[in-house]
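Notes to accompany the following structure.
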Amino acid sequence: MFRMTRYIKSLINPAPVRPVPKPSGPVVIWNLIRRCNLTCKHCYSISADVDFKGELNTAEVYAVMDDLKAYGVPVLILSGGEPLMRPDIFDISHRAKAMGFYVGLSTNGTLITDDNIGKITEVGYDYVGISIDGLGKTHDEFRQKKGAFAESMNAVRLCKEAGIKVGLRFTLTQDNFPEFPDMLTMLDEHDIDKFYLSHLNYSGRGGRNRKRDAWYDMTRQAMNMLFDHCHRELLNGIEREYVTGNNDADGPFLLQWAEEHYPDQAEALRQRLTNWGGNSSGVNISNIDNLGEVHPDTFWWDYNLGNVRQRPFSEIWSDTSDPLIAGFRQTPRPVKGRCAACRYLPICNGNTRVRAYNVSGDFWEEDPGCYLTNEEIGVAEAPRRVATPVTEIPVANL
């Protein structure tokens, strides 16, 4: 996750560059249930409104939580499917909070109502993230349910009134790009605490719909809008949390923005970004799915590292015999093509490997979602890249 506000704030209010403390363990994004009341076009778990057999029961979830805590995991993001469809979600959440985890709830928001907002408040979630993919009609099309936008925004209102930190998660595509400026305006109108821009990852239904990805020029425009918007707010005393995910080229792109707007602070920012280190799938980010399978992150559901029913998570995550995990833990990662020669490799760490794999069939090929030009990354001799719709790129292993 790229914490944009933090870095832009460091340009406005310079301070000494300090080392980034090593986390005690990986963040665990836990898909406790696969069932969902929506069928979103970019869903990586390909959820549906049916029961999926073999999911971890409450006792099994508690046993895993005990192991995660002993292993030093600091953060649990409870997700789905739709986690609020799991009958024991509040029991699990209360226990996680009592154990001292930072606990986030990742939801589509449609099931947050006057009837359960009290229970949600009682848990004391550190953060509730609600997915919004454009304004009314566009969002409802993405979510494939009429009225989903109104229901999700009502959830935002209920959370804000209850004093819960709430954020919007927005996956950028060609379809919702035209509404992006209005999305930013909406943040102020609803006093949103956090905004997470997710670049499309080619996994699950996101893989099937990648022809609608916001290809290079649109992505660059959206990121410049976001940089400028965050910068303007900070200058006006508004400190909203802006983060992005699933495209670690955002770090180098911000560095280029800083070289134009804050040239005297660009080198310090470079050091901060290098300390951040870019993509951390398989290192500081992990995933447990509804069946107990462990993955390098939430978009690797077709790649299993082990199952918590057979081996504790701590043992699975510590095992570097798996070739993908071994590559993730390597510095630099064994990336190929443009990524291998990129001047920003120490910052982005090779970007998103699942996107490379799902297009080329090779874990370590260059990331086709990188929106930086050959000249910008210092590989002018490489073949010229054209912002061609992804359907024209050979697809393997989908």
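Could you say whether any residue in the stretch 115-128 is surrounded by fewer than 19 Cβ atoms within 10 Å (Cβ to Cβ), in contact (Cβ under 8 Å) with a residue 40 or more places away in the chain and in contact with a helix residue (DSSP H, G or I) (Cβ under 9 Å, 6 or more places away or on another chain)? Looking for residues that are surrounded by fewer than 19 Cβ atoms within 10 Å (Cβ to Cβ), in contact (Cβ under 8 Å) with a residue 40 or more places away in the chain and in contact with a helix residue (DSSP H, G or I) (Cβ under 9 Å, 6 or more places away or on another chain), one finds at least one in the stretch 115-128, hence yes. The numbered conditions (1) in contact (Cβ under 8 Å) with a residue 12 or more places away in the chain; (2) part of a helix (DSSP H, G or I); (3) surrounded by fewer than 20 Cβ atoms within 10 Å (Cβ to Cβ); (4) more than 20 Å from the chain's Cα centre (by Cα) are all true for Glu259 except (1). Pairs meeting the criteria (first residue in the stretch 192-206 and modelled with pLDDT under 95, second residue part of a helix (DSSP H, G or I) and hydrophobic (A, V, I, L, M, F, W, C), beta carbons under 8 Å, at least 6 apart or on different chains) are Asn201/Val354; Tyr202/Val354; Tyr202/Val359; Tyr202/Val390; Ser203/Val354. All conditions in (1) in contact (Cβ under 8 Å) with a residue 60 or more places away in the chain; (2) part of a helix (DSSP H, G or I) hold for Lys69, with the sole exception of (1). Of the residues making up the stretch 301-317, those that are part of a loop (DSSP other than H, G, I, E, B) and of a type in the set (D, E, K, R) are Asp302, Arg309, Arg311. Would it be correct to say that Leu235 is open to solvent by 30 Å² or more (accessible area, probe 1.4 Å), within 16 Å of Thr5 (Cα to Cα) and modelled with pLDDT of 95 or more? Considered against the rule, which asks whether it is open to solvent by 30 Å² or more (accessible area, probe 1.4 Å), within 16 Å of Thr5 (Cα to Cα) and modelled with pLDDT of 95 or more, Leu235 comes out as yes.
A count restricted to the stretch 238-254 and to residues that are hydrophobic (A, V, I, L, M, F, W, C) and either closer than 10 Å to Asn351 by Cα or surrounded by 19 or more Cβ atoms within 10 Å (Cβ to Cβ) (or both) stands at 3. Restricting attention to the stretch 137-160, the residues being touching a residue at least 24 places away in the same chain (Cβ under 8 Å), open to solvent by 60 Å² or more (accessible area, probe 1.4 Å) and in a helix (DSSP H, G or I) number 3.
Would you call Gln265 touching a Pro at 6+ places or on another chain (Cβ under 8 Å), modelled with pLDDT of 95 or more and outside any loop (DSSP other than H, G, I, E, B)?
Working: touching a Pro at 6+ places or on another chain (Cβ under 8 Å): yes; modelled with pLDDT of 95 or more: yes; outside any loop (DSSP other than H, G, I, E, B): yes.
It is true that Gln265 is touching a Pro at 6+ places or on another chain (Cβ under 8 Å), modelled with pLDDT of 95 or more and outside any loop (DSSP other than H, G, I, E, B).
Here Gly80 clears all of (1) under 15 Å from Trp30 (Cβ atoms); (2) surrounded by fewer than 19 Cβ atoms within 10 Å (Cβ to Cβ); (3) modelled with pLDDT under 95 except the condition numbered (2). Here Glu55 fulfils each of the conditions (1) at pLDDT 95 or above; (2) assigned to a loop (DSSP other than H, G, I, E, B); (3) over 30 Å from Asp140 (Cβ atoms) apart from (3). Among the criteria (1) at pLDDT below 95; (2) within 20 Å of Asn31 (Cβ to Cβ), the one Val283 does not fulfil is (1).
Only one residue in Thr298, Thr331, Thr320 is among the polar types (S, T, N, Q) and either open to solvent by less than 30 Å² (accessible area, probe 1.4 Å) or assigned to a helix (DSSP H, G or I) (or both). Which one? Explain how you work it out, then say what you get.
Numbers: Thr331 fails: either open to solvent by less than 30 Å² (accessible area, probe 1.4 Å) or assigned to a helix (DSSP H, G or I) (or both); Thr320 fails: either open to solvent by less than 30 Å² (accessible area, probe 1.4 Å) or assigned to a helix (DSSP H, G or I) (or both).
Testing whether each residue is among the polar types (S, T, N, Q) and either open to solvent by less than 30 Å² (accessible area, probe 1.4 Å) or assigned to a helix (DSSP H, G or I) (or both) leaves just Thr298.
The values are calculated or read from the model by the stated rules, or taken from the named source; none is laboratory data. Keep in mind that what you see is a predicted model, and the values were worked out from it rather than measured. A quick note on method: Cβ atoms are made from the backbone with ideal geometry, for glycine too, and the neighbour counts reach across all protein chains shown. Heavy atoms of the whole protein, side chains included, go into the accessibility calculation; ligands, DNA and RNA do not. Shrake-Rupley method; radii C 1.70, N 1.55, O 1.52, S 1.80 Å.
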